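These notes concern the structure reproduced below.
Only the coordinates and a few stated rules stand behind these numbers; no lab work does. Just so you know, these numbers come straight off a predicted model, no measurement behind them. Quick reminder, even Gly has a Cβ in these numbers, built from the backbone with ideal geometry, and neighbours come from all protein chains shown.
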Protein chains: 2
Amino acid sequence: MQREQGRSTLLRHIRQAGPVPRIELADRTGISRATVTTITAELLSHGLIEEVARTDSSPDSRRGRPRVDLRIRGKAHLLAGMKLSDRKLSLVLMDFAGAELAELETRMPASTQSPGQLATEIGAALDRLTAQADRTLADLSGIGVGIAGVVEAARGFVYWSPSLSDRNIPLGALLSDHLGIPVFVDNDANLVAVAEQGFGLGRGRDDFIVVTIESGVGLGLVIGGTLYRGTRGCGAEFGHTKVHFEGALCRCGQRGCLEAYVADYALLREALTVPGAGDPGAGTEARMQALLSAARAGDASARSILDRSGRVFAMGLANLVNIFDPDLIILAGEQMQFDHLYADAVIEAMRRSIVQVDKPPPEVVIHKWGNLMWARGAAAYALDQVTDLALAGMADNAG
Amino acid sequence: MQREQGRSTLLRHIRQAGPVPRIELADRTGISRATVTTITAELLSHGLIEEVARTDSSPDSRRGRPRVDLRIRGKAHLLAGMKLSDRKLSLVLMDFAGAELAELETRMPASTQSPGQLATEIGAALDRLTAQADRTLADLSGIGVGIAGVVEAARGFVYWSPSLSDRNIPLGALLSDHLGIPVFVDNDANLVAVAEQGFGLGRGRDDFIVVTIESGVGLGLVIGGTLYRGTRGCGAEFGHTKVHFEGALCRCGQRGCLEAYVADYALLREALTVPGAGDPGAGTEARMQALLSAARAGDASARSILDRSGRVFAMGLANLVNIFDPDLIILAGEQMQFDHLYADAVIEAMRRSIVQVDKPPPEVVIHKWGNLMWARGAAAYALDQVTDLALAGMADNAG
């Protein structure tokens with residue numbers, strides 16, 4: 001048990017620190033030099049790490065002995081991460097050292113598909129992705145999948161997702177069977193939080209909140225350095241928290257959900273009342289563009305629609321601040337069409353809606369990143385899970 | 001450092017396990033028997049624990065050797081806990097073993113007082129409380145104070161409280177100075193959560209939510225076995241989360257807060273519209289009774305007031321469920337006048353307002369307990385803090 005703990009600690013330290021001398025590992029982790037030597041030998045023999053000649057001229061190098069550092073061996077495992085969004089599949093291919101080898105964005109035939117259709121789409125996309133790096137699907141050690149909805153990550157179980165035509169799907173197991181490779185499924189906003197923590201604006205921060213805005217509103221919570229999934233694994237649901245008693249009808253069938261005020265469909269149904277705000281028969285994107293143009297051109301109704309959306313969003317954010325008292329909120333998304341939610345006026349409205357005490361309001365930062373960054377979060381999650389599997393395999397072999 | 005850790009672990013184990021043999025302490029904690037012997041000798045010499053003859057006839061007792069167990073020494077420290085509520089001060093006196101020695105409820109001249117007035121009131125009440133057990137204020141080792149409002153417990157700082165006429169009061173330090181005894185201040189709902197965890201319905205549960213209902217609505221979160229205070233120490237604010245965009249005016253000056261729909265003042269201002277629902281000049285309690293009586297007698301407006309209050313409360317609870325996905329929610333309060341919020345219909349409405357997935361809704365239990373139970377939570381908090389101080393004192397002496 002202690003040995004397993006030591007392996008995990010050292011491997012993660014090597015991952016964080018980049019090329020690092022053994023002696024520094026002992027100093028940083030408090031693990032004895034003898035044990036560091038033993039464990040790193042194991043990790044080397046299992047091919048998870050590799051030695052690399054040090055390039056700098058540290059004092060010891062004058063003695064003429066070749067000095068080596070340790071680093072993660074990129075070739076050890078190949079991983080994929082993907083994000084499912086409305087009709088779009090975004091994928092990245094990553095090696096075990098976290099280097100990105102390929103990326104791909106592809107369209108899907110429908111927003112909502114059966115689990116079987118989705119598995120076929122994902123398989124085809126993975127074939128194309130791996131081919132870009134002259135590899136095949138079979139070379140993958142693990143796949144991370146981010147999907148909107150209510151997901152119990154520990155068992156890859158999707159209670160409900162806008163991307164799936166059926167409820168209660170053991171999506172992780174189903175995709176693993178279909179592809180023949182371990183698949184790890186999580187809520188997409190959780191994976192954005194993982195990505196922000198790993199290589200984004202949450203780096204080095206133990207507590208922060210990520211709010212994502214797409215066609216839905218997502219929430220990822222990092223509490224005490226760890227992604228918080230709620231007591232029973234399905235927490236951090238924000239888009240369907242209620243912000244108006246018996247309010248606007250939501251797609252989920254309930255009334256007053258945050259999404260019923262800020263999602264694109266919510267804005268577009270109000271836009272039906274605005275003359276000249278686009279053709280009701282056009283697609284979502286075109287209609288959103290028309291609404292935004294009308295607002296910019298000064299149409300009072302169009303502006304009122306966006307204005308209310310922003311103020312309700314501010315109120316929802318303020319509720320999170322009251323509950324979590326965070327010092328950092330990251331608003332993550334990419335789409336221009338939600339720029340009105342990132343406006344200074346919205347942040348200001350949020351500050352006015354929190355309990356007013358004499359302490360600075362939380363820092364709010366806006367991180368616009370594309371679907372590929374979400375996919376990177378999914379790959380990072382797969383990397384973590386595959387690392388656990390690799391270490392567990394060592395424990396089984398070595399006892 | 002390891003020694004300090006060992007002292008803390010063993011003392012807390014002895015507290016939990018009641019009279020316990022040394023050998024069992026070693027088995028349970030994984031600390032070696034030799035170290036257990038050394039540390040318990042220290043704890044004995046500092047008077048924090050005591051030996052007690054075992055009463056049962058365990059196998060070893062046949063050998064005729066007198067067997068002793070260890071337990072917390074009640075006389076080691078004397079503590080008080082108190083809860084401030086609207087015009088009421090509820091206090092308990094507790095020994096270091098957690099035994100209650102006295103209790104007291106006393107009225108205060110006003111709901112809102114200056115810090116100085118409050119300190120005087122508290123001092124007088126503590127004199128009366130300690131006198132009941134033939135002790136004096138000076139015998140106390142620590143005092144726990146639960147107060148409504150925004151409190152940063154780590155430094156006993158009250159940003160705002162309905163009980164205080166001023167904002168930004170270092171109440172812990174101020175009371176410590178005034179009384180000459182360490183005072184530990186926390187938000188009152190947090191202390192209810194501590195009490196539920198220590199000796200209530202949250203015993204043995206690592207994650208649960210406590211919602212308190214009085215003149216305000218409080219929230220206490222236990223996450224991973226620990227009270228969660230938010231990133232910056234002032235989280236878990238629930239009564240002023242917004243449940244209605246630009247809704248009813250709250251006492252805090254903002255609109256749409258949960259309290260603006262469920263607090264007594266919110267019901268009573270609507271009751272002004274109900275003919276025969278009591279004399280507007282009467283006191284809060286009498287007016288609430290009149291409103292409740294009118295509702296029971298079938299008055300449609302009175303029923304509508306209580307009904308909306310219950311449904312908005314349900315919506316607020318559902319928001320917590322969406323965010324935390326708890327398996328246990330404890331509704332804690334005592335007052336008959338809020339019985340409509342504990343109704344089955346409210347719990348049912350909460351269940352309908354959460355994201356609908358095929359998993360059981362959280363268990364909701366109702367724990368009606370009086371102000372004295374809140375005071376016990378405050379005393380338990382003081383007990384914990386005084387234990388830390390005592391152990392730190394040993395570390396300073398023993399190195």
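Quick rundown of the values:
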quantity	calculated
Positive-end residue, the range A:286-332 charge dipole about Cα centroid, Cβ charges, pick of A:Ile305, A:Met315, A:Ala286	A:Ala286
Measure of compaction for chain B (Cα Rg per 2.2 N^0.38 Å)	1.10
Dipole of the range A:33-174, positive direction: furthest Cα of A:Leu93, A:Ile122, A:Leu44, with charges on the beta-carbon	A:Leu44
Assigned charges on the beta-carbon of Lys, Arg, Asp, Glu; the range B:37-165 dipole about Cα centre (debye)	240 debye
In chain A, lysine pairs with alpha-carbon atoms under 28 angstrom apart (chain gap of 8 or more, or interchain)	7
Residue-wise HN-Hα coupling along the range B:250-263, computed from phi with Karplus coefficients 6.51, -1.76, 1.60 (Hz; x: Gly, Pro)	9, 4, 6, x, 8, 10, x, 5, 3, 4, 5, 10, 10, 5
The protein assembly as shown shape via C-alpha gyration tensor axes, a/c threshold 1.5	oblate
Considering only the protein assembly as shown, percent of DSSP beta bridges that pair antiparallel, nearest 5	60 percent
Inter-label distance, nm, simple model (7 Å from Cα along the C-beta direction), B:Thr106/B:Phe199	2.2 nm
Computed magnitude of the charge dipole of chain A (debye, nearest 20; Cβ of K, R +1, Cβ of D, E -1)	600 debye
Number of partner chain Cβ atoms within 10 Å, mean per residue of A:312-319	4
Distance-filtered residues of the range A:41-55 - backbone nitrogen under 20 Å, label point 7 angstrom along A:Arg12 Cα→Cβ	A:41-44, A:48-50
For the protein assembly as shown, calculated [θ]222 nm from helices alone, where every DSSP H run of n ≥ 4 adds -39500 (n - 2.57)	-13000 deg cm²/dmol
Long-range amide H partners of B:Thr212 with built H, under 5 Å	B:Gly218, B:Leu219, B:Gly220, B:Ala332
Per the axis that maps chain A onto chain B, nearest residue of A (Cβ criterion) and its distance in Å	A:His244, 3
Among beta bridges that DSSP assigns inside chain A, antiparallel share in %, nearest 5	60 percent
Label-point separation, A:Ala392 to B:Arg296 (7 Å along Cα→Cβ), nm	5.8 nm
Label-reachable residues, the range B:67-82, where backbone N falls under 20 Å from a point 7 Å from B:Ala131's Cα toward its Cβ	B:79-82
Inter-copy spacing of A:Thr29 label points, which lie 7 Å from Cα along Cα→Cβ, given in nm from shortest upward	2.9
Residue order, fewest to most surrounding Cβ atoms within 10 angstrom, among A:Tyr381, A:Tyr159	A:Tyr159, A:Tyr381
Computed FRET value (nearest 0.05) for B:Ile366 with B:Ala138, which takes r as the C-beta separation and R₀ as 51 Å	0.80
